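The values are calculated or read from the model by the stated rules, or taken from the named source; none is laboratory data. Small disclaimer: the values here were computed from a predicted structure and weren't measured. Every residue, glycine as well, gets a Cβ built from its backbone with ideal geometry; the counts of neighbours run over all protein chains shown. Areas reflect the complete protein model, heavy atoms only, side chains present, ligands, DNA and RNA absent. Shrake-Rupley method; radii C 1.70, N 1.55, O 1.52, S 1.80 Å.
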Amino acid sequence: MPAVLGFEGSANKIGVGVVRDGAVLANPRRTYVTPPGTGFLPGDTARHHQAVILDLLQEALTEAGLTSQDIDCIAYTKGPGMGAPLVSVAVVARTVAQLWNKPLLGVNHCIGHIEMGRLITGATSPTVLYVSGGNTQVIAYSEHRYRIFGETIDIAVGNCLDRFARVLKISNDPSPGYNIEQMAKRGKKLVELPYTVKGMDVSFSGILSFIEDVAQRMLATGECTPEDLCFSLQETVFAMLVEITERAMAHCGSQEALIVGGVGCNLRLQEMMETMCQERGARLFATDERFCIDNGAMIAQAGWEMFRAGHRTPLSDSGITQRYRTDEVEVTWRD
């Protein structure tokens, strides 16, 4: 019964998780929160992670009721993500692996999300909508790869929402996306925004530029409220995501859809995806913020699958890569 310790720190979340044979034993997490109207810079985020990661490690072991002797493998996020935070976490993972004399595994962040989603929901072979601050992809498994059927051609949907939040000076606590979701529930007017789907791909930079350009004028003249803009942005970008996911499901003949990534805990997105799945006679699988948002357990779970399949990461190859595509990884642990 291998137990795997996972470190995640590719963006503003830092987490340490412990997974043993499909059971999440611990999953503590911290978030680097910046003032309204601002984003998070790599250097500042890395310093935040460095300040709390050892406390999180001890917290995870205590919560799991394990010691270093009980851990069989150390997994960490190799990429994709922000360079400085990734390096900070990789250094700690390498050090712990050497101090405890444990094998090391570099994990693809995107695959961590997918494997966590499959574990928690029980989905067998779903079409995956992966939506976060740094990634937007529609994925399906085939022949030992997670194949990308569609993706953003510019910025991720979460990045679009986060940058829109800065325009309206919406709080980053607990996250800009969550606060947009709450404001959108009070929106009453649908403002027409650019809808950009290009085949199987989507584009969010145009809609962001448009809303940045017109938001203050529309608010000043009373054409709409901040809540109306939040509502309109959500409805538009989520409709784009549902469209390309449904097209991928039709292509694959899939009867399962799985939403993963931080934006995936948005209940309105889940509602729109559920409607589409019901019309197709398919099932929707989704998780809550414990597992949708970046966390250490998802890296531990992917590491657990890789460890059992015989994967190991030598120290000479234990760096990080900011660009690490989902379909670069050979998925040897699935048939």
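Summed over segment 1-10, residues that are in contact (Cβ under 8 Å) with a residue 60 or more places away in the chain, over 16 Å from Thr77 (Cα atoms) and assigned to a loop (DSSP other than H, G, I, E, B) total 1. Arg166 passes every criterion in (1) under 25 Å from Thr38 (Cβ atoms); (2) among the basic types (Lys, Arg); (3) not in a helix (DSSP H, G or I) apart from (3).
Within segment 89-128, being closer than 18 Å to Pro2 by Cα and in a loop (DSSP other than H, G, I, E, B) holds for Asn101, Lys102, Pro103.
The set of residues in segment 196-244 that are assigned to a loop (DSSP other than H, G, I, E, B), open to solvent by less than 40 Å² (accessible area, probe 1.4 Å) and closer than 22 Å to Thr152 by Cβ comprises Thr196, Ser203, Phe204. Filtering Leu61, Leu56, Leu66, Leu86 for residues that are buried (at least 22 other Cβ atoms within 10 Å of the Cβ), touching a residue at least 12 places away in the same chain (Cβ under 8 Å) and under 25 Å from Met1 (Cβ atoms) leaves a single hit, Leu56.
The set of residues in segment 11-54 that are within 20 Å of Arg118 (Cβ to Cβ) and in a loop (DSSP other than H, G, I, E, B) comprises Asp21, Gly22, Asn27.
So is Arg268 surrounded by fewer than 18 Cβ atoms within 10 Å (Cβ to Cβ), touching a helix residue (DSSP H, G or I) at 6+ places or on another chain (Cβ under 7 Å) and either within 30 Å of Ser209 (Cα to Cα) or without any contact (Cβ under 8 Å) to a residue 24 or more places away in the chain (or both) or not? Considered against the rule, which asks whether it is surrounded by fewer than 18 Cβ atoms within 10 Å (Cβ to Cβ), touching a helix residue (DSSP H, G or I) at 6+ places or on another chain (Cβ under 7 Å) and either within 30 Å of Ser209 (Cα to Cα) or without any contact (Cβ under 8 Å) to a residue 24 or more places away in the chain (or both), Arg268 comes out as yes.
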